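Okay, structure first, notes after.
The values are calculated or read from the model by the stated rules, or taken from the named source; none is laboratory data. Predicted model only: the values in this text are computed from it and were never measured. Using ideal geometry, Cβ is built from the backbone for each residue, glycine included, and neighbour counts are taken over all protein chains shown. For the accessible areas, the whole protein counts, side chains as well, though only heavy atoms, and no ligand, DNA or RNA atoms are used. Shrake-Rupley method; radii C 1.70, N 1.55, O 1.52, S 1.80 Å.
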Amino acid sequence: VMPDRVDARERAWRGKDAVVVGGSLGAVQALRELLPQLPADYRLPVIVVLHQYRHTGESLGRLLAEHCALPVSSIEDKAPIEPGRVYVSPANYHVLIEPAHSFALSIEPPVNFARPSIDVTFESAARVYGARLVGVLLSESGLIDKPHNERRELDGGRWKVRRPRKLAPKSTSRR
C-alpha cells in the first residue's frame, strides 16, 4: 500500500469512534469480503446488525470470525463497546447503543418486520456518536429508505451505502 493512500485512509477515519454495519442475511457474503480488509490493529469497534432468522444462534458470529483478523463476538446485554473488536447482533433482539458506550438488548416488537432492526441500532448509535459514527448499509436491492437515511444525515454521522455486486439481482421489477 502506498504511503499517501494510508495517510488518506487515516485522515478519513480521524475523529471517528465507531462503525455500524447493517444489512439483511443476504449481506453475509459482502461482510465476508469486507471484514478481511480490516487489519488486526484496526482501532474502531465494528457493530454488525443483520436481519436474521429467530433461531440463527451463534453461527453467524462464528462464520464471520473465520474471515476477520479482529476478535468477533456476539453482542451481550450491558457489555461495553471496546475498540478493535467486531460485534455481531444476536438473533431475535434489537441492539441499542447506550450513552455509556455499551449495548442494550431489547425484545420490543419487530420494527419494519425485523428484530433485530437495523433502524433501531443506527438511530441509537447516531444519537450516541453523532458525527463520530460511520454507518455502512449493505443493500441487496439498492433501495434505501430515504426518510430514515435523511434522518441519519441530520444526526451528523457519516453513512455509506453499498449494493453488493455479487448479490445484486440482474434486474429488478417493481409492480
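Quick rundown of the values:
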read-out: Calculated FRET efficiency for the pair Gln37/Glu76, C-beta based, R₀ 25 Å, to 0.05; value: 0.45
read-out: For Arg32, solvent-accessible area (1.4 Å; no DNA, RNA or ligand), Å²; value: 80 Å²
